[in-house]
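Heads up, the thing below is written out as structure tokens.
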There are 2 protein chains.
Amino acid sequence: MQDFEFFNPTRIVFGKGRIQELDRLVPAQARVLVLYGGGSVIANGILKEVHTALGQREVREFGGIEPNPTYENLMNAVAMARQEKVDFLLAVGGGSVIDGTKFVAAAVPFPGDPWEILLQHGRNVASALPFGTVLTLPATGSEMNSGSVIMRREIKAKLAFGSPKVFPVFSVLDPTKTFTLPPQQIANGVVDAFVHVMEQYLTFPAGAQVQDRFAEGLLMTLMELGPKALAAPQDYEVRASLMWAATLALNGLIGAGVPQDWATHMIGHELTALFGIDHARTLAVVLPSLLWERREAKHAKLLQYGARVLGITAGSEAERIQATIDATRAFFERMGIATRLPAYGVGPENLDTLVAQLKNHGMTALGERRDLTLEDSRRVLAGCF
Amino acid sequence: MQDFEFFNPTRIVFGKGRIQELDRLVPAQARVLVLYGGGSVIANGILKEVHTALGQREVREFGGIEPNPTYENLMNAVAMARQEKVDFLLAVGGGSVIDGTKFVAAAVPFPGDPWEILLQHGRNVASALPFGTVLTLPATGSEMNSGSVIMRREIKAKLAFGSPKVFPVFSVLDPTKTFTLPPQQIANGVVDAFVHVMEQYLTFPAGAQVQDRFAEGLLMTLMELGPKALAAPQDYEVRASLMWAATLALNGLIGAGVPQDWATHMIGHELTALFGIDHARTLAVVLPSLLWERREAKHAKLLQYGARVLGITAGSEAERIQATIDATRAFFERMGIATRLPAYGVGPENLDTLVAQLKNHGMTALGERRDLTLEDSRRVLAGCF
């Protein structure tokens, strides 16, 4: 096991009807800025529920945070928060709204140009406004971690930042609030969480038995419940376990003490930035190709994953690895997510542009051993068509 | 899944040689009271390492905390902490030292008679001294939770208390510090952690798929690594995964959102209080008998545990349950721990006394459904001979 430091102070409040506990969770004297996305939280009544729970507190609102939250838009929220002197933020939505809120939380008290936060990946964040979240979409794990990904539209770049200052103080997880999500959002969420686990698990053996078992447990849960969540949208138990699995997929626990990859994410980010493909869908496209390209480096873990999670134990090692990667791709497809770029209208003529963008963003040594070169990434992308 | 609230702000600092980071972890101006047990931390040099790391800070020491820490002894530490005006505690040891330190942390600022803390199980703890831990024995999970068990010698009672105020601020986990532990302490630690998981897992199905998978992962890890830890005391990877497994066995995570039993612990506490049997050994004695006594109520989970953890899938359900309980007992015995009371010099003539003590301590409705009566506990105990 590698040395690690684990710290996660976010309070999880899990269950049906628990939004009303915001009255207990948000400081009584707080001036609150509620941040949300495209308006579904208005349509389904969640925003109203939040306002009721906040009672007599001074509350302002900032809506319209995009699925890939942009720096340009969020800077308007920063201006509003400063002008209205709010001292507590409340994100109501999915990972994009929460990621955006983390940026606002760090940017409001930031002394210089907040773009510097992203350029330095959060190392320069000395303080942040406290914030809570009301999660409406199980997917990114942002509700219980200290990371955030922001897009700057004008340069078509997605940049990540993280800081212990931007852990949510609390997150309310009410599985019933996911009942009305469109199937494609559930599918995206399941695949996003699944690939989060894979990035921290499917590397090389590092003697981390507990982390491996936990990761395998999350993968089994997501594979078992993902299709059920699509088939029975109002099944509380399914949605509850899915929601908790997505949170635990990226709260630092399974990644503590193990090598991590994240090449699939880095390559996928370019697909979102250039072609607007949903984040989770880029992961479903890139991962099978990456696993195949890296099947030697990931040999032992591919066999372990195949045996323990998928029950693939017959055949030669090469056959088992092939079957394991095929089964992973088949799972994504079963969730209704295409795993080849042409399905998203992106043809091989874009290969050079994609590789050039990876180079522009410094993604020249990816993977758990930092040995995935630009040429390797080109082959991974070529395998996505 | 049941509703839950999960909150655990303890910082884990994991790896070889990390005691030296106490200088970063303990406030620079702190007046520190270092608490420890029977002196092994003097013999093996850990206490010296701690002092070196604490550098120029004002440090006092309180040694001699017992394996089952007593109220009587700890009150001397409370008096010393008050007199010396210490403002930070540092537990150096295993679960007993940490449990004792939690009591001291809560008692020092407590306005009334600190015994009230135990009588009210911590509900009356409004504040506590901050404290960290240096863990030397993987077992109880006390290094990452907010619970504590204290014995009052004069009335032969073990009482538990808990409070969010007594989470350790940090815990340093250095697996190499466990290399010199006597085999019976390692065996005790593995069994203690194993039964902690079972108390939160082996109840009835509650739709908590992630918690089940995590619990099963911990059980598999402990079963696989326990014997290896005895056979190869200096195997870092084995000790590291064992240490992390024991912490995660009782940090609130696998118990969030699920029914919990704890009858084995409650019955075991009486065996320790009356006969001085090691805590873990009482659990190894009681659990197999309790599982047998409750095999109907625990039917579904016994089958699941048998299949997923032990690979027991052949035979009738009754046969599989019998084999599952037998395999659990065999694991304890393989760890060198006797699972019958006569091996500890306790005969059936003590049955009435034990049941009377359970009654005295209000243990008349135990188990995940609060339906384990005194008569049931008598049968559980009768099955331990």
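The values are calculated or read from the model by the stated rules, or taken from the named source; none is laboratory data. Remember, predicted model here, so these are calculated numbers, not experimental data. Virtual Cβ from ideal backbone geometry, glycine too; neighbours counted across all protein chains shown.
Is it the case, given these coordinates, that B:ILE277 is in a loop (DSSP other than H, G, I, E, B) and under 24 Å from the mean Cα position of the chain (by Cα)? Spell out the reasoning first.
Numbers: in a loop (DSSP other than H, G, I, E, B): yes; under 24 Å from the mean Cα position of the chain (by Cα): yes.
Answer is yes for this residue.
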Counting only residues that are within 14 Å of chain A (Cβ to nearest Cβ), give me the strands (runs of 3 or more DSSP E) lying completely in segment B:1-45 with at least 3 of them. B:4-6, B:11-14
All conditions in (1) out of contact with any Gly (no Cβ under 7 Å at 6 or more places or on another chain); (2) buried (at least 17 other Cβ atoms within 10 Å of the Cβ) are true of B:LEU90 except (1)
Output the number of residues of segment A:16-34 satisfying the condition of being polar (S, T, N, Q) and more than 12 Å from A:GLU49 (Cβ to Cβ). 1
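Taking segment A:110-130, which residues are in contact with a strand residue (DSSP E or B) (Cβ under 8 Å, 6 or more places away or on another chain) and outside any loop (DSSP other than H, G, I, E, B)? Break it down into steps so the answer makes sense when it comes.
The first filter runs over segment A:110-130 and keeps only residues in contact with a strand residue (DSSP E or B) (Cβ under 8 Å, 6 or more places away or on another chain), leaving A:115, A:117-122, A:125, A:129-130.
A:TRP115, A:ILE117, A:LEU118, A:LEU119 - these are the residues of segment A:110-130 that are in contact with a strand residue (DSSP E or B) (Cβ under 8 Å, 6 or more places away or on another chain) and outside any loop (DSSP other than H, G, I, E, B).
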Filter result for the condition that a residue is touching a Pro at 6+ places or on another chain (Cβ under 7 Å) and under 27 Å from B:PRO205 (Cα atoms), over B:ILE312, B:ILE325: B:ILE325
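Residue-wise test of (1) on the phi > 0 side of the Ramachandran plot; (2) assigned to a helix (DSSP H, G or I); (3) of a type outside the set (Asp, Glu).
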{"position": "A:ASP212", "(1), (2), (3)": "no, yes, no"}
{"position": "A:ARG239", "(1), (2), (3)": "no, yes, yes"}
{"position": "A:MET243", "(1), (2), (3)": "no, yes, yes"}
{"position": "A:ASP261", "(1), (2), (3)": "no, no, no"}
{"position": "A:LEU271", "(1), (2), (3)": "no, yes, yes"}
Among the residues of segment B:160-171, is any touching a Ser or Thr at 6+ places or on another chain (Cβ under 9 Å), in the same structural domain as B:ALA338 (by TED's automatic domain parsing), part of a helix (DSSP H, G or I) and surrounded by fewer than 24 Cβ atoms within 10 Å (Cβ to Cβ)? no
Show the residue pairs meeting these rules: Cβ distance below 9 Å; 6+ apart or different chains; first residue within segment A:215-226 and at the interface with chain B (Cβ under 7 Å from one of its Cβ atoms) and outside any helix (DSSP H, G or I); second residue surrounded by fewer than 24 Cβ atoms within 10 Å (Cβ to Cβ) and aromatic (Phe, Trp, Tyr). none
Answer yes or no as to whether B:GLU21 is surrounded by fewer than 24 Cβ atoms within 10 Å (Cβ to Cβ), at pLDDT below 95 and in contact with a helix residue (DSSP H, G or I) (Cβ under 9 Å, 6 or more places away or on another chain). no
Under 6 Å between Cβ atoms, which residue pairs at least 6 apart in sequence (or on different chains) link something in segment A:237-260 that is facing chain B (nearest Cβ under 8 Å) with a partner that is of a type in the set (A, V, I, L, M) and part of a helix (DSSP H, G or I)? A:SER241/A:LEU225; A:SER241/B:VAL210; A:TRP244/B:VAL210; A:ALA245/A:LEU218; A:ALA245/A:LEU222; A:ALA245/B:VAL210
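Kindly establish whether A:LEU290 is crowded, with 24+ Cβ neighbours inside 10 Å, in the same structural domain as A:ALA343 (by TED's automatic domain parsing) and in contact with a Phe, Trp or Tyr (Cβ under 9 Å, 6 or more places away or on another chain).
Details: crowded, with 24+ Cβ neighbours inside 10 Å: yes; in the same structural domain as A:ALA343 (by TED's automatic domain parsing): yes; in contact with a Phe, Trp or Tyr (Cβ under 9 Å, 6 or more places away or on another chain): no.
No, not satisfied.
Going by the conditions given, is A:ILE65 β-branched (Val, Ile, Thr) and buried (at least 18 other Cβ atoms within 10 Å of the Cβ)? It would help to see each step written out before you state the result.
Values: β-branched (Val, Ile, Thr): yes; buried (at least 18 other Cβ atoms within 10 Å of the Cβ): yes.
Judged against the criteria, A:ILE65 is a match.
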Among the residues of segment B:50-64 satisfying the criterion of being out of contact with any strand residue (DSSP E or B) (no Cβ under 6 Å at 6 or more places or on another chain) and not in a helix (DSSP H, G or I), which is nearest to B:ALA160 (Cα to Cα)? B:GLY64
Do we find a residue being within 27 Å of A:ALA256 (Cβ to Cβ), in a loop (DSSP other than H, G, I, E, B), touching a residue at least 12 places away in the same chain (Cβ under 8 Å) and among the acidic types (Asp, Glu) anywhere in segment A:72-92? no
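Would you check if there is a residue in segment B:292-315 being outside any helix (DSSP H, G or I) and touching a Cys at 6+ places or on another chain (Cβ under 9 Å)? Spell out the reasoning first.
Restricting attention to segment B:292-315, the residues satisfying the condition of being outside any helix (DSSP H, G or I) are B:294-298, B:311-315.
Then drop every residue that is not touching a Cys at 6+ places or on another chain (Cβ under 9 Å), which leaves none.
There is no residue in segment B:292-315 that is outside any helix (DSSP H, G or I) and touching a Cys at 6+ places or on another chain (Cβ under 9 Å).
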Out of A:GLN185, A:GLN200, report the one residue that is part of a helix (DSSP H, G or I), closer than 19 Å to A:LEU283 by Cβ and out of contact with any helix residue (DSSP H, G or I) (no Cβ under 8 Å at 6 or more places or on another chain). A:GLN185
